[in-house]
Amino acid sequence: MAGRQGKQTVRNMLWSMAVIALVAGSIYIFIPHDDSKSPVKRVDYRVELLTARRAAAYPVVAPEGLAKTWKPTSVRFDASKGDSWHLGYLDPSGEYVAVKQSTAKPVKFIEEATQRAVRTKATEKIGGQTWHRYEGQTYDALVREDEGATTVVAGTASFGQLTEMAQALKAS
């Protein structure tokens, strides 16, 4: 009799596991979920922007009027490193775009901010200002040196998207 009860217990356990797997599978299939959404969270950078604008020795820029499909993902201001301002975004196609500013020595700052991109002969007029194009293995970039600071718009996005970001930059 003991052997028969053991087989029945194993059989009941297997039936229970099958029912649990069926319920879990049904929940997974019928409950909506979107695996395509980026796990990167949108950040609110308003407080950091106000702080940077009060503390920095130059006009700190941030984009205005970008579509909601542009997603701010990171923000930093470090007064101890040349009033360094960083604002990271994902563009509508999920590519990275960063706005960086600093009063640090331009050569070193640009090399760091662009991930060692190389200056080309190409320039762009954006908002009445000349931006220099940099091309690199990791990032492409648009760079402007003026007003006591260097401004870099860099990332994995296309030059079209970098230009769109540069056009949206305002110092308030």
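The values are calculated or read from the model by the stated rules, or taken from the named source; none is laboratory data. Everything numeric here is computed off the predicted structure, so don't read it as measured data. When we count neighbours, we look across all protein chains shown, and the Cβ atoms used for this are built from the backbone with ideal geometry, even at glycine. Surface accessibility is based on the protein's heavy atoms, side chains included, excluding ligands, DNA and RNA. Shrake-Rupley method; radii C 1.70, N 1.55, O 1.52, S 1.80 Å.
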Report task. Using the Kirkwood radius over Cα pairs, work out the Stokes-Einstein diffusion coefficient for the range 36-78 at 10 °C and 1.306 mPa s, in µm²/s as a whole number. Result -> 133 µm²/s
Query raised in the report: If Lys and Arg each add +1 and Asp and Glu each add -1, what is the summed charge of the other residues whose beta carbon sits under 12 Å from the beta carbon of PHE77?
Result: +2
Report summary line: Rounded to a whole number, the Stokes-Einstein D of the range 99-146 in µm²/s (Kirkwood radius over Cα pairs; 10 °C; 1.306 mPa s) is 145 µm²/s
Report task. For n ≥ 4 DSSP H runs only, could you compute -39500 (n - 2.57) per run for the chain, divide by its residues and tell me the 222 nm figure to the nearest 500? Result -> -10500 deg cm²/dmol
Report summary line: Nearest 10, in degrees from 0 to 90: the angle of helix 159-168 to the longest Cα principal axis of the chain is 70 degrees
Requested in this report: Quick one: angle between helix 2-30 and the longest Cα principal axis of the chain, in degrees between 0 and 90, rounded to 10, please.
Outcome: 30 degrees
Report summary line: Among THR73, THR103, THR138, the residue with the largest mean-square fluctuation in a Gaussian network model of the chain built from Cα contacts under 10 Å is THR138
Report task. Rounding to the nearest 20 debye, state how big the charge dipole of the range 41-129 is about its Cα centre with +1 on each Lys and Arg Cβ and -1 on each Asp and Glu Cβ. Result -> 80 debye
Query - Pairwise centroid distance, computed over Cα atoms, of the range 101-172 with the range 38-90, Å - result: 16 Å
Query - Using θ = phi - 60° and Karplus 6.51 cos²θ - 1.76 cosθ + 1.60, couplings along the range 88-98 (whole Hz; Gly, Pro as x) - result: x, 9, 10, 6, x, 9, x, 7, 8, 9, 10
**Report entry** In the range 100-172, the GluC sites (Glu not before Pro) that fall in loop regions by DSSP, at most 16 other Cβ within 10 Å
**Finding:** GLU147
Report summary line: Computed D for the range 117-172, Stokes-Einstein, Kirkwood radius over alpha-carbon pairs, 37 °C, 0.692 mPa s, to the nearest µm² per second, is 289 µm²/s
Query raised in the report: In the range 40-109, what trypsin sites (Lys or Arg not before Pro) fall in a loop by DSSP, with at most 11 other Cβ atoms inside 10 Å?
Result: LYS41, LYS68
Query raised in the report: Counting only protein heavy atoms, what percent of the accessible surface of the chain is carbon or sulfur at a 1.4 Å probe?
Result: 56 percent
Query raised in the report: What distance in nm separates the simple spin-label points at THR130 and ASP146, each placed 7 Å from Cα in the Cβ direction?
Result: 1.0 nm
**Report entry** Alpha-carbon Rg with Dmax, taken over the chain, Å
**Finding:** 25.8, 93
